[in-house]
Amino acid sequence: MTSLLKTPMHDWHAAHDGRMVDFTGWSMPVQYSSIIDEHNATRNAAGLFDVSHMARFRFDGDQAGPFLDSIVTRRVENLKAGQIRYAMVTKEDGGNLDDILVYRLADAQGQLYYWVVVNAGNREKIASWIRERLPESGVTFTDLTLETAMIAVQGPKAIELAQPLVDVTLSEMKYYSGCETQILGQQSWVSRTGYTGEDGCEITVPAEIAVEVWRTLADGLAAIGGLPCGLGCRDTLRLEAAMPLYGHELSEQINPIQADLKFAVSMDHEFIGKAAISASIEDGKQMKRVGLQMQGRRAAREHYTIHLGDQQVGEVTSGSFSPTLDINIAMGYVQPELAEPGTELEIDIRGKRHLATVVALPFYSRKRKT
Amino acid sequence: MDPASLLYAKTHEWIHIEEADGGKLATIGISAFAIEALKDLVYLELPEVGSSLTAGEPLGEIESVKAVSDIYSPVTGEVVEANTPLIDSLDTMNEDAYGAGWLLKVKITDDSSLAGLMDQAAYLKQCEEEE
């Protein structure tokens with residue numbers, strides 16, 4: 001067995017009852033207390049997540065923008081400093097290699113560069129994909145994953161918790177914006193992003209100060225009703241918010257159109273996979289991602305089959321009890337004519353059929369202040 | 001019940017045996033170790049009274065937020081009582097795994113099915129190895 005990668009906070013997790021599991025080669029906490037308690041703390045107050053396993057790539061140079069444009073589904077060359085865009089890296093056939101965030105940032109001298117945050121399990125695959133396609137000059141690509149740590153602070157009280165650490169005013173930053181900041185006197189980064197459907201931010205710091213930053217945030221949790229949170233509730237939170245998870249809703253066999261992520265594709269630039277995705281928009285026969293609400297008390301799980309009468313018409317990709325909604329919810333792929341909300345289907349749960357209704361996504365969206 | 005006096009199956013069920021009507025009556029539950037591992041319980045399915053159980057075969061299912069697991073029958077026999085109120089108060093299993101959190105009472109029809117069960121010391125050793 002190969003040894004697992006550890007984030008700088010690993011010892012803290014282990015010392016605080018973190019239940020450590022192998023997540024795509026990283027030893028990560030699935031939960032500290034209870035998934036439901038951690039989930040509810042994030043929805044109602046604040047959750048603190050170690051997301052250092054996510055890969056962080058930096059791109060410098062005057063050709064960085066045009067290069068990224070050529071490999072991602074949205075135009076990023078025209079991003080202004082501070083803007084962040086969700087996009088996908090696709091193959092020639094439109095299949096999804098990863099879903100990523102592209103950040104355009106400016107350093108203290110006003111020099112522009114990019115960050116790309118990639119799923120942990122796709123780090124090596126995407127790094128190779130990039131290296132094989134880098135132009136001979138004009139782009140410097142650096143994998144900063146192991147030199148830095150990333151911490152997500154999520155929930156209605158997240159900004160209040162994180163604000164004292166940074167030298168920018170978080171409440172004045174828009175959702176999906178980010179910038180450099182000083183944390184404990186070190187060059188760091190903060191963005192108004194997350195993967196829970198809540199307000200909040202994500203902080204990236206040099207690995208050397210990560211534990212101290214984490215401790216400072218963790219120490220502030222109790223006073224506001226927050227909890228440190230593991231990957232277990234990160235999954236239930238993102239499922240309620242209907243955010244796709246690579247390896248479940250997304251794979252190399254699924255293109256962005258099927259995944260209902262047309263918003264993350266822009267046809268105003270050339271990129272690998274464009275022609276196939278363009279054809280896919282016209283193709284009405286592909287399986288489509290839908291939300292499903294179970295009518296009973298059973299949760300549908302990944303790979304459970306979806307049926308209409310005698311026919312298998314789809315498959316579940318993620319499913320769980322929803323702590324916020326107190327129902328069982330799932331996402332999956334079904335034949336396109338069955339994707340309309342209100343459609344009644346059956347899911348095979350361990351040999352027995354259970355009723356499920358197609359519902360509009362997301363299952364949960366937070367009430368916004370504005 | 002006193003967990004020290006119970007028998008345990010490899011699959012984490014506990015068993016209390018008492019003599020009744022010239023036969024053996026088993027009370028079955030899930031160990032606190034297994035309940036703690038499952039933690040966020042959301043669903044429990046138990047067999048009906050009168051069902052026949054076979055040692056080593058699934059008797060029902062227990063589901064947590066993360067996953068669904070089979071509950072295996074540690075004995076061969078017939079269900080004479082099921083703790084059905086538990087289905088609507090799963091927290092009871094977290095709070096009192098060896099008391100109010102019991103699942104079934106089973107009239108044992110084949111004593112040889114008890115042969116593979118462990119005492120608490122052997123079971124705790126197994127749990128230590130699993131951690």
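The values are calculated or read from the model by the stated rules, or taken from the named source; none is laboratory data. This structure is a prediction, so every number in the text was calculated from the model and none was measured. Cβ atoms come from the backbone with ideal geometry, glycine included; neighbour counts cover every protein chain shown. Side chains included, ligands, DNA and RNA excluded: accessible areas come from the protein's heavy atoms. Shrake-Rupley method; radii C 1.70, N 1.55, O 1.52, S 1.80 Å.
Which shape class, rounded, prolate or oblate, goes with chain B when its Cα gyration tensor gives a ≥ b ≥ c as root eigenvalues, a/c under 1.5 marks rounded, and past that a/b bigger than b/c marks prolate? Don't skip to the answer; put the middle values down first.
Values: a/c = 1.62, a/b = 1.19, b/c = 1.37.
In terms of gyration-tensor shape, oblate.
Add +1 for every Lys or Arg and -1 for every Asp or Glu among the other residues with Cβ under 11 Å from the Cβ of A:Ala158, and state the total.
Values: positive: A:Lys157, A:Arg192; negative: A:Glu160, A:Glu198, A:Asp199, A:Glu202.
In short, -2.
Normalised by the residues of chain A, what does the relative contact order come to in percent, with Cα pairs under 8 Å and at least six apart?
18 percent
To the nearest 0.05, what FRET efficiency results for B:Asn94 and B:Glu18 with a Förster distance of 22 Å applied to their C-beta separation?
Result of the calculation: an efficiency of 0.30.
Distance check, please: which entries in A:Lys352/B:Lys24; B:Lys66/B:Lys105; A:Lys262/A:Lys285; A:Lys91/A:Lys285 exceed 24 angstrom between their Cα atoms?
A:Lys352/B:Lys24; B:Lys66/B:Lys105
Please identify which residues in the range A:40-83 have an amide N closer than 13 Å to a label point set 7 Å out from the Cα of A:Asp268, following the Cα→Cβ vector.
A:74-80
Rounded if a/c is under 1.5, else prolate if a/b beats b/c, else oblate: with a ≥ b ≥ c from the C-alpha gyration tensor eigenvalues square-rooted, which is the range A:1-97? Can you show the working numbers first?
Numbers: a/c = 2.37, a/b = 1.88, b/c = 1.26.
Prolate, because a/c is 1.5 or more and a/b exceeds b/c.
Expressed as a rounded percentage, what relative contact order does the range B:4-131 have, with Cα pairs under 8 Å and six or more residues apart? List each step's numbers first, then the result.
Working: 268 pairs, mean separation 39.0, N = 128.
Taking the mean separation of contacting Cα pairs over the length of the range B:4-131, I get 30 percent.
What distance in nm separates the simple spin-label points at A:Gln187 and A:Leu355, each placed 7 Å from Cα in the Cβ direction?
Each label point lies 7 Å from its Cα, and together they span 6.1 nm.
Give the separation of the Cα centroids, the range B:84-128 to the range A:83-161, in Å.
So the separation of the two Cα centres works out to 50 Å.
Taking the full set of protein chains and a 1.4 angstrom probe, give the accessible area of A:Glu346 in square angstrom, rounded to the nearest 10.
That residue has around 50 Å² of solvent-accessible surface.
With unit charges on the beta carbon (Lys/Arg positive, Asp/Glu negative), name the residue among A:Ala120, A:Leu134, A:Tyr103 whose Cα is farthest towards the positive pole of the charge dipole of the range A:94-203.
Among A:Ala120, A:Leu134, A:Tyr103, the one farthest towards the positive end of the dipole of the range A:94-203 is A:Leu134.
Kindly provide the GluC sites (Glu not before Pro) of the range A:89-168 that DSSP labels as loop, not H, G, I, E or B, and whose Cβ sees at most 10 other Cβ atoms within 10 Å. Spell out each step's value before the answer.
On the way: sites: A:Glu92, A:Glu124, A:Glu132, A:Glu136, A:Glu147, A:Glu160; in loops: A:Glu92, A:Glu132, A:Glu136, A:Glu147.
Taking the range A:89-168 and a limit of 10 other Cβ atoms within 10 Å, the loop GluC sites (Glu not before Pro) found are A:Glu92, A:Glu132, A:Glu136.
Largest first, please: the extent of the C-alpha atoms of the protein assembly as shown along each principal axis, to the nearest Å.
Projected onto its principal axes, the Cα set of the protein assembly as shown covers 88, 54, 47 Å.
By how many nm would the segment from A:Gln312 to A:Asn78 grow when fully extended, if each residue of separation counts as 0.36 nm and the alpha-carbon distance is taken off?
Contour length minus the Cα-Cα distance gives 79.8 nm.
Of A:Leu308, A:Leu105, A:Leu217, which is the most mobile in a GNM of chain A whose springs link Cα atoms less than 10 angstrom apart?
A:Leu308
HN-Hα J couplings of the range A:33-39 from phi, Karplus 6.51/-1.76/1.60, θ = phi - 60°, integer Hz, Gly and Pro as x?
Whole-Hz 3J(HN,Hα) from phi for the range A:33-39: 10, 9, 4, 5, 5, 5, 4.
Arrange the peptides A:233-239, A:174-180 so that the one whose residues have, on average, the most other Cβ atoms within 10 Å appears first.
Result, highest mean first: A:233-239, A:174-180.
Find out how many positive minus negative residues lie around A:Arg123, taking Lys and Arg as positive, Asp and Glu as negative, among other residues whose Cβ is under 12 Å from that of A:Arg123.
Details: positive: A:Arg56, A:Lys125; negative: A:Asp98, A:Glu124, A:Asp143.
Spelling it out: positives minus negatives among the neighbours equals -1.
Could you order B:Leu114, A:Leu345 by accessible surface area, starting with the largest, using a probe radius of 1.4 Å?
Ranked from most to least accessible, the order is B:Leu114, A:Leu345.
Can you compute the helix-only [θ] at 222 nm over chain A? Use -39500 (n - 2.57) per DSSP H run of at least 4 residues, normalise by all residues, nearest 500 deg cm²/dmol.
Result for chain A, helices only: -5500 deg cm²/dmol.
For the pair A:Lys125 and A:Thr305, what calculated FRET efficiency results from E = 1/(1 + (r/R0)^6), where r is the Cβ-Cβ distance and R0 = 30 Å, to the nearest 0.05?
Values: r = 28 Å, r/R0 = 0.94.
Efficiency, rounded to the nearest 0.05: 0.60.
I want to check the label-to-label distance for B:Val49 and A:Leu144. Put each point 7 Å from Cα in the C-beta direction and report it in nm to one decimal.
For the pair B:Val49/A:Leu144, the computed spacing is 6.7 nm.
Classify the range B:51-100: rounded, prolate or oblate, from the alpha-carbon gyration tensor (a ≥ b ≥ c, eigenvalue square roots; a/c under 1.5 rounded; otherwise prolate if a/b is larger than b/c)? Display every interim value, and only then the final one.
Numbers: a/c = 2.15, a/b = 1.37, b/c = 1.57.
Cα axes put the range B:51-100 in the oblate bin.
I'd like the accessible area for A:Ile35: 1.4 Å probe, protein heavy atoms, all chains in place, Å² to the nearest 10.
Probe radius 1.4 Å; accessible area of A:Ile35 about 0 Å².
If a paramagnetic tag sat 7 Å from the Cα of A:Ala106 along the Cα-Cβ line, which residues of the range A:158-184 would have the backbone N under 18 Å from that point?
Once the point is set 7 Å along Cα→Cβ of A:Ala106, A:167-170, A:172-182 turn out to lie under 18 Å by backbone N, inside the range A:158-184.
Please average, across the residues of B:32-41, the number of beta carbons from any other chain that are within 10 Å of each residue's own beta carbon, and give a whole number.
Values: counts 0, 0, 0, 0, 0, 1, 0, 9, 14, 2.
Mean inter-chain Cβ contacts per residue within 10 Å come to 3.
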